[in-house]
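The values are calculated or read from the model by the stated rules, or taken from the named source; none is laboratory data. Here the structure is a predicted model, which means the values were calculated and not measured. For neighbour counting, all protein chains shown are included, and Cβ atoms are generated from backbone atoms with ideal geometry for every residue, glycine included.
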Amino acid sequence: MGRSKIGGRGRRGSGAFGQGGLAERLELRRLFAGSAVINEIHYNPDVSTELVEFIELTNPGDAPLDLGGASFTNGIAYTFPAGTMLPAGGYVVVTQDPADFQAKFGTTALGPYTGKLSGDGEKVTFKSAAGVTLDEVDYGAGFPWPIVGDAPGRSIELINPALDNSLGGNWRSFVPSVDTTLIAAGSAWKYRKGTLADAPTGTAWEGAGFADAAWASGPAPIGYDSALTMGTNLTDMNGNYSSVYLRKTFTVADPAAVVSLRLEANYDDGFNVWVNGQFATRVNAPGDPTRTSIAMPRSACSCCTSWRSPACS
């Protein structure tokens, strides 16, 4: 059995975790600052009546990307809504039909897009809001590109975001997985207030072996809000302290089978996440926070972010 502990910091949060022959040598490429990478393309679903084609982007950088106004042009047409953020190390999926996609894969995606990905291969272009090409893949349906289409419905996935995604040998066939919920929304979390008296010191609290029996416990959402009903209402937080420390244990039966972890959260205004002591991701928050750190100004919103990490091993 694999046993993992998540530690997070934010002003409030609730969430659920879920489990998504080469002929050419692997080529690295140089990424421009602030660029996203076309990381996965599902162009030939095994069931033709299901509108579950999708394209996945990843952010290999160390800062969040604002995708608002950016768009796919060649292949499909889709423009990201204003305020769409892609966290550092995160993933976002755009699909033909979000309802069909959720029914098939058990998770949410943006969309719908217009058009249809070619089963014979074509060029897919991703551009910034200013019309600058950020990434482009001219995928093929045969060697050296992976072969897909038959059951169980494989996509093509870039082996590593740092590799040149214009080369077919840098891609592999991949079976998109159905999510398994590890932490349900509304679950009870261990927490400590970010006051001078209560805030933990150092980094030991981020690890799996930390003793948190003395921490308070309560259902999410945890924090304060004048409009949202809180599971655990911190009535003394407003004007007194800016952070809350949260811990949650979850168990993974087969860590080797986990391709990625997905976090869905409502937050105001930012958070950092560690899994088993390893930093996993952050949204709208400083990378090395203290108890008095504050997030960048932003209204309350929802976040869906994924990362591929061995942190649950």
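So the values come out like this:
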read-out: Only one of Val124, Val92, Val132 that is surrounded by 19 or more Cβ atoms within 10 Å (Cβ to Cβ) and over 20 Å from Tyr267 (Cα atoms); value: Val124
read-out: Any chance Thr84 is among the β-branched types (Val, Ile, Thr), at pLDDT 90 or above and touching a strand residue (DSSP E or B) at 6+ places or on another chain (Cβ under 9 Å); value: yes
read-out: Scope the stretch 234-265; condition surrounded by 19 or more Cβ atoms within 10 Å (Cβ to Cβ) and part of a strand (DSSP E or B); matching residues; value: Val244, Tyr245, Leu246, Arg247, Lys248, Val252, Leu261, Arg262, Leu263, Glu264, Ala265
read-out: Hits in the stretch 275-296 (condition: buried (at least 16 other Cβ atoms within 10 Å of the Cβ), among the hydroxyl-bearing types (Ser, Thr, Tyr) and within 20 Å of Thr201 (Cβ to Cβ)); value: Ser293
read-out: Residues within the stretch 194-230 that are outside any loop (DSSP other than H, G, I, E, B) and surrounded by fewer than 18 Cβ atoms within 10 Å (Cβ to Cβ), tallied; value: 5
read-out: Given (1) surrounded by fewer than 19 Cβ atoms within 10 Å (Cβ to Cβ); (2) out of contact with any Leu (no Cβ under 6 Å at 6 or more places or on another chain); (3) under 23 Å from Tyr267 (Cα atoms), number of the condition Thr84 does not satisfy; value: (2)
read-out: Number of the exception - Val148 against (1) closer than 28 Å to Val275 by Cβ; (2) buried (at least 17 other Cβ atoms within 10 Å of the Cβ); (3) hydrophobic (A, V, I, L, M, F, W, C); value: (1)
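Listed here are the residues, each with its yes/no results for (1) modelled with pLDDT under 95; (2) under 22 Å from the mean Cα position of the chain (by Cα).
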site	(1), (2)
Gln102	yes, yes
Gly111	no, yes
Phe126	no, yes
Ala130	yes, no
Pro161	yes, yes
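A quick yes/no check of all residues on (1) at pLDDT below 90; (2) in contact with a Gly (Cβ under 6 Å, 6 or more places away or on another chain); (3) within 30 Å of Asn44 (Cα to Cα):
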site	(1), (2), (3)
Ala185	yes, no, no
Pro200	no, no, no
Glu206	no, yes, no
Pro219	no, yes, no
Met237	no, no, no
Leu246	no, yes, no
Asp254	yes, no, yes
Ala265	yes, yes, no
Gln278	yes, no, no
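Yes/no per residue for (1) among the acidic types (Asp, Glu); (2) not in a loop (DSSP other than H, G, I, E, B):
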| residue | (1), (2) |
| --- | --- |
| Leu57 | no, yes |
| Ala63 | no, no |
| Ala82 | no, no |
| Pro112 | no, no |
| Ser118 | no, no |
| Pro152 | no, no |
| Glu157 | yes, yes |
